[in-house]
1. Which members of the stretch 212-237 meet the condition of being within 16 Å of the chain's Cα centre (by Cα) and of a type in the set (D, E, K, R)?
2. For the stretch 151-162, which residues satisfy the criterion of being of a type outside the set (Val, Ile, Thr) and either crowded, with 16+ Cβ neighbours inside 10 Å or free of Cβ contacts under 8 Å to residues at least 60 places away in the same chain (or both)?
3. Scanning the stretch 210-226 for residues that are open to solvent by 40 Å² or more (accessible area, probe 1.4 Å) and of a type outside the set (S, T, N, Q), which turns out modelled with the lowest pLDDT?
4. Quick one: Arg302 ticks every box in (1) assigned to a helix (DSSP H, G or I); (2) in contact with a Ser or Thr (Cβ under 9 Å, 6 or more places away or on another chain); (3) open to solvent by 30 Å² or more (accessible area, probe 1.4 Å) except a single one, so which number is it?
5. Among the residues of the stretch 140-156, write down those that are under 8 Å from the mean Cα position of the chain (by Cα) and small (Gly, Ala, Ser).
6. Consider the stretch 88-119. How many of its residues are within 22 Å of the chain's Cα centre (by Cα) and among the hydroxyl-bearing types (Ser, Thr, Tyr)?
7. If you check Arg148, Arg165, which single one turns out to be free of Cβ contacts under 8 Å to residues at least 24 places away in the same chain, on the phi < 0 side of the Ramachandran plot, open to solvent by less than 40 Å² (accessible area, probe 1.4 Å) and basic (Lys, Arg)?
Amino acid sequence: QAIWFTCRDDVLNPREIFRPMSAAEIPSAADLTESACQVLQELAEAQDREVEELRLMQEAELEELKRRLTGTGLSGSGSDVSSIFKEEKRHFIKLVKGALIGKESPEYKQLYHYLLKCFTDADNNFDGRIGFKEFEMLIEVAAFLPRRFGYAPSTPELYATDWERLQARMTLFNTLKQESGGYISFGKWLEYAIGHIAEKAKSLKSSEMKARMEESQEDFREFIIAAAKSRKSREYKELYHFVLKCFTDADTDFDGLIDVHSFSALIDIAAAAPRRFGLAPPSSEMYSSESHMVEARARIFRSLDAENTGYIDFDTWLHYIYTHICEKTAVLGESGAVPAILSSSTEDSAGAGGYSTRLLGWTT
């Protein structure tokens, strides 16, 4: 007997993916490839349909987290580094560490209900249990918050291919599923998730509740170097949310776009962090006059507005400012290379190099 990848109906049954087959049952290489591709295609289409639902649920989770922060006086505001993201991160660390004290703690009960919501969100046929396709979604939903703060790797960081992801998650699913039913109950999911969180929480430090960007000049320098070195780093993910906050602060008409006038304000908002530690000169030292500054920044804007629409999106801003930051790290002995955007088959391309103790020429 041999183990083959097969699919004999329209349902992806975990017991059918790897099963013993007799020699007479073994399909030809062509049939095997077609069958495997069909299953992968079905999974891809199902995930495409679910991704928008997942995004909406994640946004709802964030809104609820912000609501709780506001109610406890923790919510940040303004365009400096003391933003909502920093307070959410602090709340997340407090929640996880507090939940591990015991089941009687308020944090454990809050985590219990969060994991329950993840489970019910993924249970899209409302049968009170999770099959493999739902398990894929459950993993993504539950991983959202730790991934947001850089405490869990993203799917592209974990798996080089979709097939590698499917194999790993099928192995985990088979470990957790009920012996006879081929599904995962809430109790089994809760047991696994709490144990997994407890193991990961060992690396959480209370000192990480503070944003390194605002602690000191040296902390800021080390933070920027790490963020520029790899998009997989925790620092890059925190930087991502910082530049997103800058973008939304400058988007005063709430249309998700930045025009040439808002772009100048956006530059000043983003530059406030390095200027705080004297690592970027004020505009008055960079430009001979107000009109000189306006024209210089307008030229940058026009170079970014490739289609001459009069606006730029967040992704354009992110690419521009991250490239700018990476280039500035060249004066620290780094290569100044911009790490590639993560995908299923892309690795970071930042060059190696020693860390300098001086940050020079940081201008915006």
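The values are calculated or read from the model by the stated rules, or taken from the named source; none is laboratory data. Since we're looking at a predicted model, the values are computed, not measured. Here the Cβ is made from the backbone with ideal geometry for all residues, glycine too, and neighbour counts use every protein chain on show. Side chains are part of the model used for accessible areas, which takes the heavy atoms of the whole protein and leaves out ligands, DNA and RNA. Shrake-Rupley method; radii C 1.70, N 1.55, O 1.52, S 1.80 Å.
1. Scanning the stretch 212-237 gives Arg231, Lys232, Arg234, Glu235, Lys237.
2. Looking only at the stretch 151-162, we keep the residues that are of a type outside the set (Val, Ile, Thr), and these are 151-154, 156-160, 162.
Tyr151, Ala152, Pro156, Leu158, Tyr159, listed by residue number.
3. Going through the qualifying residues, I end up with Lys210.
4. Arg302 satisfies all of (1) assigned to a helix (DSSP H, G or I); (2) in contact with a Ser or Thr (Cβ under 9 Å, 6 or more places away or on another chain); (3) open to solvent by 30 Å² or more (accessible area, probe 1.4 Å) except (2).
5. Across the stretch 140-156, the qualifying residues are Gly150, Ser154.
6. 1
7. On the way: Arg148 fails: free of Cβ contacts under 8 Å to residues at least 24 places away in the same chain.
Being free of Cβ contacts under 8 Å to residues at least 24 places away in the same chain, on the phi < 0 side of the Ramachandran plot, open to solvent by less than 40 Å² (accessible area, probe 1.4 Å) and basic (Lys, Arg) holds for just one of Arg148, Arg165, which is Arg165.
Yes/no matrix, rows are residues, columns are (1) closer than 29 Å to Arg297 by Cα; (2) assigned to a loop (DSSP other than H, G, I, E, B); (3) without any contact (Cβ under 8 Å) to a residue 12 or more places away in the chain:
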{"site": "Phe220", "(1), (2), (3)": "yes, no, no"}
{"site": "Phe223", "(1), (2), (3)": "yes, no, no"}
{"site": "Lys232", "(1), (2), (3)": "no, yes, no"}
{"site": "Tyr236", "(1), (2), (3)": "yes, no, no"}
{"site": "Phe254", "(1), (2), (3)": "yes, yes, yes"}
{"site": "His261", "(1), (2), (3)": "yes, no, yes"}
{"site": "Ile267", "(1), (2), (3)": "yes, no, no"}
{"site": "Ala271", "(1), (2), (3)": "yes, no, no"}
{"site": "Leu279", "(1), (2), (3)": "yes, yes, no"}
